[in-house]
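Chemist: The following block contains the structure, expressed as structure tokens.
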Amino acid sequence: MSSDHDVVIVGASIAGCTAATLLARRGARVALVERRPDPQAFKRVCGHFIQSSAVPMLERSGLLEPIERAGAVRTRSRIWTRWGWIEPPDRSTLPASLNLRRERLDPLLRAIASETPGVTTLLGATVDGLLFDGARVAGVETRDGGGRRRRLHARLVVGADGRQSPVAKLAGLDSRVRPHGRFVYGAYFEGTPPAAAPNGSLWFLDPQWAAAFPTDGGLTLYSCMLTHDRLPEFRRDPARALRAFFADLPDPPPVADSRIVGSVIGKLQMPNVRRGPTGPGIALVGDAALAADPVFGVGCGWAFQAAEWLADATAPALAGAEPLEVGLRRYRRRFRHALLAHDDLISGYATGRRMNAAERQIFSTAARDPRLAARFEAFGTRNVDPRRFVAAAMPRIAASQARRTLGARRSARPLEVTA
Ligand SMILES: Cc1cc2nc3c(=O)[nH]c(=O)nc-3n(C[C@H](O)[C@H](O)[C@H](O)COP(=O)(O)OP(=O)(O)OC[C@H]3O[C@@H](n4cnc5c(N)ncnc54)[C@H](O)[C@@H]3O)c2cc1C
């Protein structure tokens, strides 16, 4: 069967626009299909934090420069724990994270994709059906605002259509859903910046969580994720509850001196979803493949990274050098190897539970030991695999415990009084 396009990508947000840009640069003819008609549309229920792990990919792909030109702020993070602040290392070798509001980021990525030769962008077209060639996905069916239907054939269909992923459901791809035990409220504020600005501050109150993240335009996002017993006060008056919560934090940020810009946004249900991420003729990227708990700010960065892995893995097949299945297998392996161990930890904590004993040991030692804090930064910014982090952290935790035990014994020994 001849195809109109090599690839149809469903969803023109972070994952879809990035995959479209990178695949077209490798010579593929790409249709980028988005249900929202407005090229300026952006994701409203989202922070603006792009994890450090994605920065090398942004640099390689040439996306970093326009993102910085649009006003992105580069930050590191410090973390409040009941054992003290875990400060970012003075001289970190890791790239700083990026902060650019989605209202600037999404239209920028869409413009870059649409201007890339080989990309045809179809806005205002909702995918509500898939075309099959036997068991293989072979294209999509779309419906526009006027009810007109269209069929797009392609060798590869990419679901970049977010946490709910209609494409994954239509393709019958398996999903694993883990419950989420916190709700979120947040708003942008202008006024006196928080103490560590431009760096971000996180409060791990365990099990409650709060963050103050500076971004472009001199704004700071104040956001908290709390267990559901705290919901009634936020339902009654979200702005008041948000301000009161931040004012009560240890080392509170200057929320009383700041003014809310825009509205307070909340979300009550954010289940952690993991899918595929591949099937015959189909691949998922971004939240469609893995929608993780926003507490750790990984979704945007992983959407960028997965788009690059997909383009690298499937470009040879789309150029006719090998069967598509080989490229899809390569993508699946890379995706799983890079993200699933992180996701297991993230989705475990997302239930709203308190830290377990191992997590308490890591956080408490990192608050006292700058060298462990540096390793913790590499892990928390998703630059290092959890297994490597644990292997490196255990000796430092053991040494720190031994020092504390020894110190406690010394101070417990009675003073010898000599005449
Ligand atoms: C409260 C909250 C705060 C967050 N904060 C952060 C943060 O600070 N940092 C971070 O890294 N992550 C954050 N995330 C996660 C982040 O929002 C996602 O990981 C990220 O948006 C994923 O991008 P994506 O391109 O995969 O999907 P999305 O951004 O969800 O985009 C999916 C696109 O698909 C389109 N679409 C859907 N269905 C169809 C269809 N049938 N036909 C055509 N188009 C369709 C949609 O219109 C949309 O444009 C947060 C999430 C939440 C809920």
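Chemist: With only Lys, Arg, Asp and Glu charged, each at its Cβ (+1 for the first two, -1 for the last two), find how big the charge dipole of region 229-303 is about the Cα centre; round to the nearest 20 debye.
Modeler: Taking the Cα centre of region 229-303 as origin, the dipole is about 260 debye.
Chemist: Using the basic label-point model (7 angstrom from Cα toward the beta carbon), what is the Ala111 to Val326 distance in nanometres?
Modeler: It works out to 4.0 nm between the two label points.
Chemist: Under a point-charge model restricted to the Cβ atoms of Lys and Arg (+1) and Asp and Glu (-1), what is the dipole moment magnitude of the chain relative to its Cα centre, in debye to the nearest 20?
Modeler: So the magnitude is around 960 debye.
Chemist: Trypsin sites (Lys or Arg not before Pro), restricted to region 90-127: which are DSSP loop and have at most 10 other Cβ atoms within 10 Å?
Modeler: Listed in order of number, the matching sites are Arg91.
Chemist: Of the accessible area of region 1-126, with the probe set at 1.4 angstrom, what percent is carbon plus sulfur?
Modeler: 48 percent
Chemist: Just to check I understand the Karplus step: with θ = phi - 60° and J = 6.51 cos²θ - 1.76 cosθ + 1.60, what whole-Hz values come out for region 241-252, glycine and proline as x?
Modeler: Karplus-based 3J(HN,Hα) across region 241-252 equals 5, 5, 4, 5, 5, 5, 5, 8, 5, x, 6, x Hz.
Chemist: What value, in deg cm²/dmol to 500, does the helix sum -39500 (n - 2.57) over DSSP H runs of n ≥ 4 give at 222 nm once divided by the residues of the chain?
Modeler: -12000 deg cm²/dmol
Chemist: Determine the share of region 357-412's accessible area contributed by carbon and sulfur atoms, expressed in whole percent, with a 1.4 angstrom probe.
Modeler: Roughly 58 percent of what the probe reaches on region 357-412 is carbon or sulfur.
Chemist: Loop-only trypsin sites (Lys or Arg not before Pro) in region 138-198, please: DSSP not H, G, I, E or B, and at most 14 other Cβ atoms within 10 Å.
Modeler: Hits after loop and neighbour filter: Arg148.
Chemist: Want the number for Arg240 to Val390: 0.36 nm per residue separation, take away the alpha-carbon distance, what's left?
Modeler: 50.0 nm
Chemist: OK, next. Convex hull over the alpha-carbon atoms of the chain: what's its volume per residue in Å³?
Modeler: Cα-based convex hull of the chain, divided per residue, equals 162 Å³.
Chemist: Still on this structure: Obtain the nm distance between the two label points defined at Leu340 and Gln40 by a simple spin-label model: each point lies 7 Å from its Cα along the Cα-to-C-beta direction.
Modeler: 4.3 nm
Chemist: Per residue, how large is the accessible surface of the chain? Use a 1.4 angstrom probe and give square angstrom.
Modeler: 44 Å²
Chemist: Under the 0.36 nm per residue contour assumption, what length would be gained going from the current alpha-carbon distance of Arg371 and Asp251 to full extension?
Modeler: Gain on extension, Arg371 to Asp251, equals 40.8 nm.
Chemist: Roughly speaking, what is the stretch gain from Arg60 to Val261, that is 0.36 nm per residue apart minus the C-alpha to C-alpha distance, in nm to one decimal? Write out the running numbers ahead of the final one.
Modeler: Numbers: separation 201, 0.36 × 201 = 72.36 nm, distance 3.42 nm.
This chain segment gains 68.9 nm when fully extended.
Chemist: Here is a follow-up. Report the equivalent ellipsoid semi-axes for region 182-267 in whole Å, largest first, defined as the square roots of five times the eigenvalues of the gyration tensor built from alpha carbon atoms.
Modeler: Over the Cα atoms of region 182-267, the ellipsoid semi-axes are 20, 14, 11 Å.
The values are calculated or read from the model by the stated rules, or taken from the named source; none is laboratory data. All of these numbers come straight from a predicted model, not from anything done at the bench. Ideal geometry is used to build each Cβ from the backbone, glycine not excepted, and the neighbour counts take in all protein chains shown. Just so you know, the surface numbers come from the protein's heavy atoms only, side chains and all, with ligands and any DNA or RNA stripped out. Shrake-Rupley method; radii C 1.70, N 1.55, O 1.52, S 1.80 Å.
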